[in-house]
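Trainee: Please see the structure below; I have some questions.
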Amino acid sequence: MNSEKIMIVDGNSILNRAFYGLSRNTMLSTSEGIQTNAVFGFINILTKFLSEENPKYLCVAFDMKEPTFRHLEYDKYKAQRKGMPDELAVQVPIIKQVLDAMNIKRIETPGFEADDILGSISLCAEENGMEAILLTGDRDSLQLASQSTRIKLPVTRGNKTETDEYDYQKVVEKYGVTPKMLIDVKGLMGDTSDNIPGVPGIGEKTALDLIQKFHSIEELYENIDRVEKKGVREKLEANKELAFLSKRLATIERKMPCITTDIQQYIRTDFDRERLYSIFKKLEFKTFIERFGLSDTPMVEVTESLNMEHVDADTVGELESCIEAIRLSKKMAVYYHTDPSDNRLDDLCIYACKEEYAPAVMVFNNEFTGDTAIDVLREVLESAEIKKYGHDLKKLIKFCKTKSIDIKGIAFDTMIGAYILEPTRNSYTISELAEENLKKSILPAEILYDKHGKKLQQGLDVNPSTVCAACVTVIYELAEKYAPIIEGNGQHELYYNIELPLVEVLADMELWGFKVDIEGLKAYSKEMDSRLVILENEIYMLAGENFNINSPKQLGSILFEKLNLPVVKKTKTGYSTDAEVLEQLSQKHEIVERILEYRSLMKLKSTYADGLLAILDPNTCKIHSSFNQTVTATGRISSTEPNLQNIPIKLEMGRKIRKVFIPSDENYVLLDADYSQIELRVLAHITGDENMISAFSNNEDIHTTTASKVFGIPAGEVTSIMRSRAKAVNFGIVYGIGDFSLSKDIGVTRKEAKKYIDDYLAKYSKVKEYMSDTVAKGKELGFVTTLFNRRRYLPELKSSNFNMRSFGERVAMNTPIQGSAADIIKISMVKVYSELKKRKLKSRLILQVHDELIVEAEKSELQEVSVLLKQCMENAMELKVPMTVDVKSGESWYETK
C-alpha cells in the first residue's frame, strides 16, 4: 500500500465535541463578546491529530441545513433533535474562516451528510492505494473501517480526553461482526440519536447475536424460521419494512456523484499566515499565534542575541563578579529550576538588572552546581536592601528554606503580576508573556523541562544556558511593564500587600505539610470497603439483580427500563445517569439514594483513602499539597495533589476522612479558625442594606432573620424548614440564583421559588439595587471589582446570546462578593503568618480551605495563638458589620469541626 495518507475530518462532529468538551460555564469568549470555545477546542483537536499522523492530504466535511436523501425517504429522520445551541451556531462560520485561512479544503454538499463525504473520499483514497484516517466523534463511521481506513474517535474518560482507534480488525474484535455488518446491526436496533426506528424491542445485544449468525438483514429474513426465540421472531416478522428502511438510513453513501476522484486537491499547503494571524488576533487566540509562529510585527529573537552575552559560571570567582554587580545595582532577577525528585537546584540564572553592571550569569548543572551557587548567593538573597525579581518565586523560596536561606527583599513576581492583570489566562509562561508584552521571542523553557520540572535530556539541540539567560533578562523588563499598570488600576494594595507576601506564606505551607495517621487511613479505607459492599448488596436487592453499578449503560437499563423511572435526559449513547439526573430522581425510588452514596464513597476512596497513601512523604508521613495562586478568576486559592477543598463533608464518611489529619507530634495540637458567613457579611457591607447590617450587628441568626422578614412572622415562629429555605435564598442570591434553580434546590414549585426571591429583594432593597447597578457598571466598564480592586473582565455582558449574557450577569453579581471574601482570607493568612514569625513562635499555618485556616499550634503556645488567630482574622479589614471567627482545637482536623 502507498504510504501516503489522507485525513478526513467530520467538521460538525468535532466542533460539537469541542463545544461540549470545554466547560460551558467557562464560555470562552473575546473582549468583544465573540463566543470562541468550540473554535478553540476544534483547532486544538485538529492540530493534535495532525501532529500524530502528519497526513499529506487533508479535508474537513460539514453537514448542511438542507434535507438529505434520508429525510426525503423518512420524514422523521433526526426529527427529534433540538436545534444547534445559539452559542455554538455562531461559531460555525468562524471555524470555516479559520480553515480557509489555514488553506484546508472544506466540503459540504446539499442532500448529503458529512458522513457520506467521509465515506466517499475514503473509498476514493482506498482505490488510489492510500491510507485514510477519519477523525470523527460519531461511531456510525465504524462501518467505514477497512484494512486501509482507520477511524479515530476522541473520547472523554473521567477528566481525560483519550482516543479510541478502529481499523477492520479492531471492529471485529470488539463487536464480533465486520464493519459493514454494523449497518445491519443498526438496522435492527435502531438509533435514538438519529431517530432511526429499527425493530421495536430489539436491542444491541440481540441485534449483534442475529447478525453474527446471519451476517445481514437480507439473510436473516430469508432464514427467519431459524430464529429460535419466538418473541424475537415475531418482532422481526411484524416490522420487516422498518428493518430494511432503518438499514438504508444507517448506510453511509460511499459513491456520492459530486465527489471528485482528484485527491490532489486535498494536498496540504502552508497557511495564509497574514490572514490567519488577523483572525486569531480578533479571536484573542494568543496561544495559537505563538504555536503557529504568527505575527504582524517582527519579533526580537532574544535567545539568539544572548549567545555572546551570558556567562556559564564554573567557579566561585566568576559568580562573585556577578554578585558585586548585584550589590551595585541593588536589583537582581532570578530564573531557576529545581528538580522535584531530589530537591536539587538544577539550573540557576541571575541578572544584575542593569546592563552597565553585568551580563546574565548562568549556573548550569555541571561540577559547579546550583546548590553550591545558592550558598554563595546567601548574602544577597537574605539582604532586604537588594530587590528580587522572579517568575513563580514560590518554588525558589521553598528551595532556599530547605537550605536555611530566608529570602528578603522580594520586589516583583511576574507570574503573580500577570495574574492580577489577566486573571482568566490559561497559562503564564515567560515565553508567552515576553512575546505579548515585550514583542520578544524566546525559546520556551518547556523545551528543557517536563510539566513536573524534570529536565529533558534526549534529542535537545539547544544550549540550556542560552534559554535560561533569555528568560532572566525579560523578567525585569516584564516587571517594569506591569508595575505602572498595576498602579494605574488602583491595585497597589492588592498586589504588594496581599498577593506578593502570600507567595512566601504558601511556600511555607507547602514545605511544612500536614501529617497523616497512616494506620488510621488504612482503617478508614477498610471501613469504606465494608460500607461499599453493604451499598452494593442493597442496590442489587432493590434492582432485583446484580449488575455493574459503574456502567452508565447497565445502570440506565435498570433505572429506566426495569424500574420504569422517568427518563430525565438522553445522550447519544443512551440514558443519562449523571449526578444531576440522579438528584432529580432521588425521591422517586430508594435505589437512587444508595447509588448517589455509592458514587460519593467510590470517589472518596480513590481520591483520599487510596490516593493519600500514594502521595505521602515516606519519611515524614506528611502530605504536601500545592497551593495555586494563579488558577481561579475569583482570586480564591486552589489546592492540588491532593485537593483538600473538595472533601464531600455532607456525608459522614466524608467528614471522617478528617480524622486521619493530625499534628506533627504529641507536642502540637490543631487549631481551626472559620469565618462565620463571610460572604453574606461582605454583601451587607457592599450593599449597605440596613436590614442586613442590623441583623449582623445585633448578632442575630441571619437565616432566621431572613425567614422572619420573607414569611412575615416573628423570629420565634420560624420553623427549621423556613430557615433552611431562607438560607438557600441568602446564599443563592450571592450567586445570582434564579427561580428554576432555587425550586430544584429546596423542592418547591418555580412559582413559590420566585415569590421567595421577590419577597427577599423587597425586604433587602439595597441588595436588589446592588445587583442591577453592578451588572450595569460591569457592562459599561467591561469588568467588575472586589473591595481591593481585583478585576474580573466580563465580555459576556455584551454578548448578543441570552445564555452567555445571563452567565456574565451572574458572575458580575457574585465576583465582588466571592472575590472580596477571597481577598480577606488572604489578608488573614499574611497577617497570621507574619505575626507567628514576628513573635518567633513554633506554631505554623499549615492549611487554608475556603473560609477556614488551620494552624498547627505548639501546646505551650495554644492560648496565645488562639487569640492571635482570632484577632488577625476578625481585623483583616474593617467592614460595616463585625467579622466573627470561631476557633476550635483538637487532636485531629475532625475534632476541630
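Conditions tested, residue by residue: (1) closer than 30 Å to residue 848 by Cα; (2) surrounded by 17 or more Cβ atoms within 10 Å (Cβ to Cβ).
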residue: 562; (1), (2): no, no
residue: 569; (1), (2): no, no
residue: 586; (1), (2): no, no
residue: 612; (1), (2): yes, yes
residue: 617; (1), (2): yes, no
residue: 620; (1), (2): yes, no
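Trainee: Turning to a different aspect of this structure: Go through segment 496-518 and count every residue that is under 13 Å from residue 414 (Cα atoms) and either at pLDDT below 95 or in contact with an Asp or Glu (Cβ under 9 Å, 6 or more places away or on another chain) (or both).
Mentor: Within segment 496-518, residues that are under 13 Å from residue 414 (Cα atoms) and either at pLDDT below 95 or in contact with an Asp or Glu (Cβ under 9 Å, 6 or more places away or on another chain) (or both) number 3.
Trainee: Within segment 178-188, is there a residue that is touching a helix residue (DSSP H, G or I) at 6+ places or on another chain (Cβ under 7 Å), touching a residue at least 40 places away in the same chain (Cβ under 8 Å) and assigned to a strand (DSSP E or B)?
Mentor: Looking for residues that are touching a helix residue (DSSP H, G or I) at 6+ places or on another chain (Cβ under 7 Å), touching a residue at least 40 places away in the same chain (Cβ under 8 Å) and assigned to a strand (DSSP E or B), one finds none in segment 178-188, hence no.
Trainee: Looking at the structure I just gave you, is residue 870 basic (Lys, Arg), modelled with pLDDT of 95 or more and assigned to a helix (DSSP H, G or I)? Break it down stepwise before answering.
Mentor: Details: basic (Lys, Arg): yes; modelled with pLDDT of 95 or more: yes; assigned to a helix (DSSP H, G or I): yes.
So residue 870 passes the test.
Trainee: Taking the residues in segment 93-137 that are surrounded by 24 or more Cβ atoms within 10 Å (Cβ to Cβ) and of a type in the set (Gly, Ala, Ser) as candidates, determine which candidate is nearest to residue 54 (Cα to Cα).
Mentor: The extreme case among them is 132.
Trainee: Name the residues in segment 528-561 that are in contact with a Lys or Arg (Cβ under 8 Å, 6 or more places away or on another chain) and in contact (Cβ under 8 Å) with a residue 24 or more places away in the chain, would you?
Mentor: 528, 529, 532, 535, 538, 539, 542, 543
Trainee: While we're on this one: Just a yes or no: is a residue in segment 607-623 aromatic (Phe, Trp, Tyr) and under 30 Å from residue 784 (Cβ atoms)? Quick ask: steps written out before the conclusion?
Mentor: The initial filter retains those residues of segment 607-623 that are aromatic (Phe, Trp, Tyr), namely 608.
If we keep only those that are under 30 Å from residue 784 (Cβ atoms) as well, we get none.
No: zero hits.
Trainee: Are any of the residues in segment 576-597 closer than 19 Å to residue 511 by Cα and assigned to a loop (DSSP other than H, G, I, E, B)?
Mentor: No - not one qualifying residue is present in segment 576-597.
Trainee: Quick check: is even one residue across segment 677-687 of a type in the set (Asp, Glu) and at pLDDT below 90? Give the steps one after another, and end with the answer.
Mentor: Our first condition is that a residue be of a type in the set (Asp, Glu); within segment 677-687, this holds for 679.
Filter again for at pLDDT below 90, leaving none.
Checking segment 677-687: not a single residue is of a type in the set (Asp, Glu) and at pLDDT below 90.
Trainee: Moving on. Would you confirm, using the coordinates I've provided, whether residue 173 is free of Cβ contacts under 8 Å to residues at least 24 places away in the same chain and over 36 Å from the mean Cα position of the chain (by Cα)? Talk me through it step by step, then tell me what you get.
Mentor: Details: free of Cβ contacts under 8 Å to residues at least 24 places away in the same chain: yes; over 36 Å from the mean Cα position of the chain (by Cα): no.
For residue 173, the condition - free of Cβ contacts under 8 Å to residues at least 24 places away in the same chain and over 36 Å from the mean Cα position of the chain (by Cα) - is not met.
Trainee: To continue, here is another question. Could you tell me which of the residues 810, 750, 725 is at pLDDT below 90, over 23 Å from the mean Cα position of the chain (by Cα) and either buried (at least 18 other Cβ atoms within 10 Å of the Cβ) or under 26 Å from residue 678 (Cβ atoms) (or both)?
Mentor: Working: 810 fails: over 23 Å from the mean Cα position of the chain (by Cα); 750 fails: either buried (at least 18 other Cβ atoms within 10 Å of the Cβ) or under 26 Å from residue 678 (Cβ atoms) (or both).
Going through 810, 750, 725 in turn, just one is at pLDDT below 90, over 23 Å from the mean Cα position of the chain (by Cα) and either buried (at least 18 other Cβ atoms within 10 Å of the Cβ) or under 26 Å from residue 678 (Cβ atoms) (or both): 725.
Trainee: Given the conditions (1) surrounded by 14 or more Cβ atoms within 10 Å (Cβ to Cβ); (2) at pLDDT below 85; (3) not in a helix (DSSP H, G or I), report the number of the one that residue 278 does not fulfil.
Mentor: Among (1) surrounded by 14 or more Cβ atoms within 10 Å (Cβ to Cβ); (2) at pLDDT below 85; (3) not in a helix (DSSP H, G or I), residue 278 violates only (3).
Trainee: Of the residues 697, 676, 638, 664, which single one is within 19 Å of residue 825 (Cβ to Cβ) and touching a residue at least 40 places away in the same chain (Cβ under 8 Å)?
Mentor: When all the criteria are applied, what remains is 676.
Trainee: Does residue 792 count as outside any helix (DSSP H, G or I) and either more than 28 Å from residue 623 (Cβ to Cβ) or modelled with pLDDT under 95 (or both)?
Mentor: Yes.
Trainee: Could we say that residue 331 is at pLDDT 70 or above, within 32 Å of the chain's Cα centre (by Cα) and either outside the structural domain of residue 41 (by TED's automatic domain parsing) or surrounded by fewer than 20 Cβ atoms within 10 Å (Cβ to Cβ) (or both) here?
Mentor: Criteria not met by residue 331.
Trainee: Name every residue in segment 579-623 that is among the aliphatic types (A, V, I, L, M) and touching a residue at least 40 places away in the same chain (Cβ under 8 Å), in order of residue number.
Mentor: 591, 595, 601, 602, 604, 609, 612, 613, 616, 623
Trainee: Taking into account only those residues within segment 819-841 that are without any contact (Cβ under 8 Å) to a residue 40 or more places away in the chain and not acidic (Asp, Glu), which is surrounded by the fewest Cβ atoms within 10 Å (Cβ to Cβ)?
Mentor: Among them, the one singled out is 840.
Trainee: Listed residues 661, 740, 696, 711; which is under 18 Å from residue 817 (Cβ atoms) and of a type in the set (Phe, Trp, Tyr)?
Mentor: 696
Trainee: Another question about this same structure. Residues 41, 111, 137: which one is within 24 Å of the chain's Cα centre (by Cα), in the same structural domain as residue 156 (by TED's automatic domain parsing) and not in a helix (DSSP H, G or I)?
Mentor: Result of the check over 41, 111, 137: 137.
Trainee: If I filter segment 599-610 down to residues being surrounded by fewer than 19 Cβ atoms within 10 Å (Cβ to Cβ) and hydroxyl-bearing (Ser, Thr, Tyr), which single residue comes out as nearest to residue 560 (Cα to Cα)?
Mentor: Once the filter is applied, the top-ranked residue is 600.
Residue-wise test of (1) at pLDDT 90 or above; (2) farther than 30 Å from residue 242 by Cα; (3) in the same structural domain as residue 193 (by TED's automatic domain parsing).
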{"site": "16", "(1), (2), (3)": "no, no, no"}
{"site": "20", "(1), (2), (3)": "no, yes, no"}
{"site": "25", "(1), (2), (3)": "no, yes, no"}
{"site": "37", "(1), (2), (3)": "no, yes, no"}
{"site": "59", "(1), (2), (3)": "yes, yes, no"}
{"site": "65", "(1), (2), (3)": "no, no, no"}
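Trainee: Starting from residues that are among the polar types (S, T, N, Q) and over 18 Å from residue 10 (Cα atoms), keep the ones in segment 162-204 and report whichever is surrounded by the fewest Cβ atoms within 10 Å (Cβ to Cβ). Full working, then the answer.
Mentor: Kept after step one, since they are among the polar types (S, T, N, Q), are these residues of segment 162-204: 163, 169, 178, 192-193, 195.
Now drop any that are not over 18 Å from residue 10 (Cα atoms), which leaves 169, 178, 192, 195.
Working: 169: 10, 178: 17, 192: 16, 195: 15.
Among those residues, the one meeting the criterion is 169.
Trainee: Here's another thing I want to ask about it. Being at pLDDT 95 or above, in a helix (DSSP H, G or I) and acidic (Asp, Glu) narrows it down to one of 895, 864, so name that one. Break it down into steps so the answer makes sense when it comes.
Mentor: On the way: 895 fails: at pLDDT 95 or above.
Step by step, each of 895, 864 is checked, and only 864 is at pLDDT 95 or above, in a helix (DSSP H, G or I) and acidic (Asp, Glu).
Trainee: Same structure, new question: Where in segment 601-705 are there strands (runs of 3 or more DSSP E), lying fully within it, with 2 or more residues that are closer than 30 Å to residue 766 by Cα? Walk me through it before giving the result.
Mentor: Details: elements: 626-628, 638-640, 668-675.
Those strands (runs of 3 or more DSSP E) span 668-675.
Trainee: Identify all residues within segment 884-895 that are over 25 Å from residue 516 (Cβ atoms) and over 32 Å from the mean Cα position of the chain (by Cα); write none if there are none. Let's see the steps before the verdict.
Mentor: So in segment 884-895, the residues over 25 Å from residue 516 (Cβ atoms) come out as 884-885.
Once the filter is applied, which keeps residues that are over 25 Å from residue 516 (Cβ atoms) and over 32 Å from the mean Cα position of the chain (by Cα), segment 884-895 yields only 884.
The values are calculated or read from the model by the stated rules, or taken from the named source; none is laboratory data. The shown structure was predicted, so the numbers you read here are calculated from the model rather than taken from an experiment. All Cβ positions, even for glycine, are placed from backbone atoms using ideal geometry, and neighbour counts span all protein chains on display.
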